[in-house]
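Worksheet: one structure, shown below.
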Amino acid sequence: MPETRQLSYGEAIYEATLQEMERDPSVFVYGLGVDDPKGHYGTTKDFHERFGPDRCFDTPLSEDTMTGLGVGAALMGMRPIHVHQRMDFLLLCMNQLINMAAKYHYVSAGQWSVPMVVRASIGRSWGQGPQHSQALQSMFAHVPGLKVVAPTTPYDAKGCFIEAIRDNNPVIFIEHRLLYANKGHVPEESYTVPFGKARVLKEGDDVTLVATTHMVVEALRAREQLKTIGIDAEVIDLVSLSPIDTETVSKSVNKTDALVVVDNGWENCGISAEVIAKVAELNPTNFPKFARMGFAPVTCPTTKVLENEFYPNSTSIAQKVNRLLNEDQGNSWNPVPMKATEIEAFKGPF
Amino acid sequence: MSPTSSNSGQYETLFEQMLTIRLVEEKVAVIYHTDAVKSPVHLSIGQEAPSVAVCAALEKNDMVIGTYRGHALYLAREGDLDAMVAELYGKSEGCGRGKAGSMHLGDKSIGMPHTSAIVATGMPNAIGVAFAQKFKKENAITACFIGDGAVDEGAVSESMNFAGLKKLPLLIIVENNQFAIHSPISTRMPRPNFVERAAAFNVAGASVMDNDLDSMLSTSQAAIDHVRSGQGPFLLEIATYRWKEHVGPGDDWALGYRTKEDASPWFENDPLKLCGERIAADRRLALESKVKEQITRAFDRAEKGTFPDPAEMWDNVYA
């Protein structure tokens, strides 16, 4: 099938939103700055003009209450999309997200539901620092009643977003800011990508390399580096974090017998822990050799030299895989670094 | 539902509602030591009138948001009595099939989302509900009940700000019983003027401080008319008094943060008692008999009800 229609990740989210807003009059978009000229990486750029201020509106700086607004509107059958420029700001919303949104359907034995989407951008870039780059997906994945997705490709961005809008549960939709400019094939028609399904992006026999969001980009680069020393990595993009598809990972591990999980977040109590635990549950007698990577267990520093140290990158991932498979090699292999154009290109401020 | 019959007819309806609430709560207090209700109860005894007065002026398609002290609102909104008691007993016949309990009563058929046990969290949801009503041009309003304690929370100020900004069809009822658990207003607020706070957000307001049912009825009606006419939100403060301890079936005079002397004017001017005195004695006796029978039946049904199957724990995590 010819893959000719190229959209960026940001354009894909815009298109998904536009198509759903046209299809379903109960969908509305709100949040800080959704109607400003930047339109949050272009993802909301002209909804207020197209659909009017009732369907796309800016809000006061009251993140918890504005989350509650979405919950209340969702109780009445509307489909709010609450946009946050940073996942760090979701920390102000925890009361409404976890105590209210996640609870209504269960506590009411199914009478009420909260079909709401919460968008949040995560991720490194240009010295975002301690409070502007946190990736807190495991906090939300921990809570029953919430769904959490973090697509990597433009195709998945559009499909997962339409799925999120139509899902009758509160969905935390995570977008890494270094992905917004990435282009990929995106069909023009409306389509959904179901949650709870991981993607095998590249097949390989030697190691199962699982990653989320921007770490998928790094993992794919690491795969290229590993090829140069004859290691064939199977790269899996989790896409969906809650529900999470560890069956696909387990099936791959049955072939490769080696597992490396690269989390776009802190290792401690992170998604990587969940993947490895679940794979262990599925393979109690033949658990593979494994390793995991994530952010350094420190607050994210701002200065570039330390920021580089904080994050896994394709080289450190490739070295980790090599050490796992070739225990005797220690740190002796230094692969040629791969160009990370999306990191170099990003100069903020958002 | 607005009663359309004569004044005495209205008082009979209001008396019956307040009496139902009072006697149900008293029965919960009596049986609580048997551990039939295995969860905390925040009784509405003494606070029946605000819910009943406001609900008297609401229409069927209006929405109500309550709190964990929500038995009065649930019943004032004509929630099913059997389903309420069954819920307290943790039975599958309850309005949450036992998953909710006393703190989270609700029922979609009466426009009452299941209440929250976290102070002030209902208010942001109320502005969302009101927003949806306005958006969908439903010609309906949302009545959100909070306590004086909730007014300390930022979410209440944030909610009033947004409601005032967007002129949402929201009635906020502050049931001011002077305490957040055992903390008096004087230790929490330097300037406890709720109507003034509302005005800062372009929210109209009024206070009913005399614990009089007629005052509550007429002021509620005026507030609801204001909101329904599209003039924007309204904050109605109603002074009231919690007779029992914050949580549980007993009295707590021994704790010393309140005295029976403070409480005595509230007991003497009990709106339930005074309302009863305004209807004919034979009618009152008939209503008392009817209510007692309904309550006995509700508790009896709850006793005989069925606990949910353990497999039900897995239901309704996701829609």
Inter-chain Cβ neighbour average for residues A:109-116, partner chain, 10 Å: 6
In square nanometres, what is one fourth of the surface area of the convex hull spanned by the alpha carbons of chain B? 16.5
GNM top mover of B:173, B:110, B:31 - chain B, alpha-carbon springs below 10 Å: B:31
Roughly how many Å is it from the Cα centre of segment B:111-173 to that of segment B:59-73, as a whole number? 12
Give me the log10 of I(q) over I(0) for the protein assembly as shown at q = 0.05, 0.09, 0.11 Å⁻¹, as the Debye formula computes it from C-alpha points; what are the numbers? -0.29, -0.81, -1.06
For segment A:199-327, what is the percent of antiparallel DSSP beta bridges, rounded to the nearest 5? 20
Total Å² of accessible surface buried at the A-B contact, 1.4 Å probe, nearest 100? 3400
Cross-link candidates for residue A:103: which lysines have Cα within less than 27 Å, leaving aside residues fewer than 8 places away along the same chain? A:147, A:197, A:278, B:38, B:60, B:91, B:99, B:108, B:134, B:136
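Once you charge only the Cβ atoms, +1 for Lys and Arg and -1 for Asp and Glu, what is the size of the charge dipole of chain B about its Cα centre, to the nearest 20 debye? List each step's numbers first, then the result.
On the way: 32 positive and 42 negative charges, 147 e Å.
It comes to approximately 700 debye.
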Can you give me the relative contact order of segment B:140-183 as a percent, contacts being Cα pairs under 8 Å and 6 or more apart? 60
Determine the dipole magnitude for the protein assembly as shown: charges of +1 sit on the beta-carbon of Lys and Arg, -1 on that of Asp and Glu, nothing else is charged, the reference point is the Cα centre, and the result goes in debye to the nearest 20. 720
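Return the calculated 222 nm mean residue ellipticity for chain B, to the nearest 500 deg cm²/dmol, obtained by summing -39500 (n - 2.57) across DSSP H runs with n ≥ 4 and dividing by the residue count. Intermediate results must be reported in sequence, preceding the final value.
Details: 11 runs with 136 residues, N = 319.
Taken over chain B, the calculation gives -13500 deg cm²/dmol.
I'm a student and want to see the number: the projected area of the Cα convex hull of segment A:124-257, averaged over all directions, in nm².
On the way: hull surface 38.1 nm².
Taking the Cα atoms of segment A:124-257, their convex hull projects to 9.5 nm² on average.
Considering only DSSP beta bridges with both partners in segment A:6-185, what is the antiparallel share in %, to the nearest 5? Could the numbers behind the result be given before it?
Values: 3 of 23 bridges.
Taking every DSSP beta bridge within segment A:6-185, about 15 percent pair in antiparallel fashion.
State the percentage of accessible surface on chain A attributable to carbon and sulfur atoms; use a 1.4 Å probe and exclude ligands, DNA and RNA.
Answer for chain A: carbon and sulfur cover 53 percent of the accessible area.
Considering only protein heavy atoms, what per residue accessible area in square angstrom results for chain B with a 1.4 angstrom probe? All intermediate terms of the calculation are to be shown ahead of the outcome.
Numbers: 12820 Å² over 319 residues.
Dividing the accessible area of chain B by its residue count gives 40 Å².
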Classify segment A:199-327 as rounded, prolate or oblate from the Cα gyration tensor: take a ≥ b ≥ c as the square roots of its eigenvalues, call it rounded if a/c is under 1.5, otherwise prolate when a/b beats b/c and oblate if not. oblate
Using alpha-carbon positions, the gyration tensor of segment B:1-159 gives root eigenvalues a ≥ b ≥ c; with a/c under 1.5 called rounded, otherwise prolate if a/b exceeds b/c, else oblate, the class is oblate
Evaluated at 37 °C and 0.692 mPa s, the Stokes-Einstein D of chain A based on the Kirkwood radius over Cα pairs, in µm²/s, stands at 159
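So what is the 222 nm mean residue ellipticity for chain A from helices alone, if each DSSP H run of at least 4 adds -39500 (n - 2.57) and you divide by all residues, rounding to the nearest 500 deg cm²/dmol? Intermediate results must be reported in sequence, preceding the final value.
Details: 12 runs with 116 residues, N = 350.
Roughly -9500 deg cm²/dmol at 222 nm, from the helical runs in chain A.
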Taking amide H positions as placed in the peptide plane 1.01 Å from N, state which residues far from residue A:148 in sequence (5 or more) or on other chains have amide H under 5 Å from it. A:172, A:241, A:242
Debye sum, Cα scatterers, segment B:19-99, no solvent: what log₁₀ I/I(0) at q = 0.16, 0.23 1/Å? -0.59, -1.16
Among beta bridges assigned by DSSP with both residues in the protein assembly as shown, the antiparallel ones amount in percent, to the nearest 5, to 20
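When a/c reaches 1.5 or more, the comparison of a/b and b/c decides; with that in mind, is segment A:6-185 rounded, prolate or oblate per its Cα gyration tensor? If you can, show how the numbers build up before the last one.
On the way: a/c = 1.45, a/b = 1.20, b/c = 1.21.
Taking the square roots of the gyration eigenvalues as a ≥ b ≥ c, segment A:6-185 is rounded.
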Per the Debye formula with a single identical scatterer at each Cα and no solvent contribution, what log10 I(q)/I(0) holds for segment B:124-193 at q = 0.22 Å⁻¹? -0.91
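Suppose every Lys and Arg Cβ carries +1 and every Asp and Glu Cβ carries -1, with no other charges. What dipole size does segment A:1-60 come out with about its Cα centre, to the nearest 20 debye? Please list the in-between numbers first.
Working: 6 positive and 12 negative charges, 15 e Å.
With Lys and Arg at +1 and Asp and Glu at -1, about 80 debye.
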Taking the dipole of the protein assembly as shown about the Cα centre (Lys, Arg +1; Asp, Glu -1; charges at Cβ), the one of A:138, A:78, A:295 that reaches farthest to the positive side is A:295
Can you give me the relative contact order of chain A as a percent, contacts being Cα pairs under 8 Å and 6 or more apart? 16
Expressed as a whole-number percentage, the relative contact order of segment A:6-185 with C-alpha contacts under 8 angstrom and at least six residues apart is 28
Over what distance in Å are the Cα centres of segment B:256-315 and segment A:18-40 separated? 48
For peptides A:28-41, A:143-156, B:263-276, sequence by mean Cβ density within 10 Å, most packed first: A:143-156, A:28-41, B:263-276
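Which helices of chain B meet both criteria: a Cα extent of 30 Å or more along the helical axis and a mean Kyte-Doolittle score no lower than -1.0, with helices taken as whole DSSP H segments?
Correct list, ordered by number: B:7-31.
The values are calculated or read from the model by the stated rules, or taken from the named source; none is laboratory data. Just so it is clear, the model here is predicted, and its values are computed rather than measured. When we count neighbours, we look across all protein chains shown, and the Cβ atoms used for this are built from the backbone with ideal geometry, even at glycine. SASA here: full protein model, heavy atoms, side chains in, ligands and nucleic acids out. Shrake-Rupley method; radii C 1.70, N 1.55, O 1.52, S 1.80 Å.
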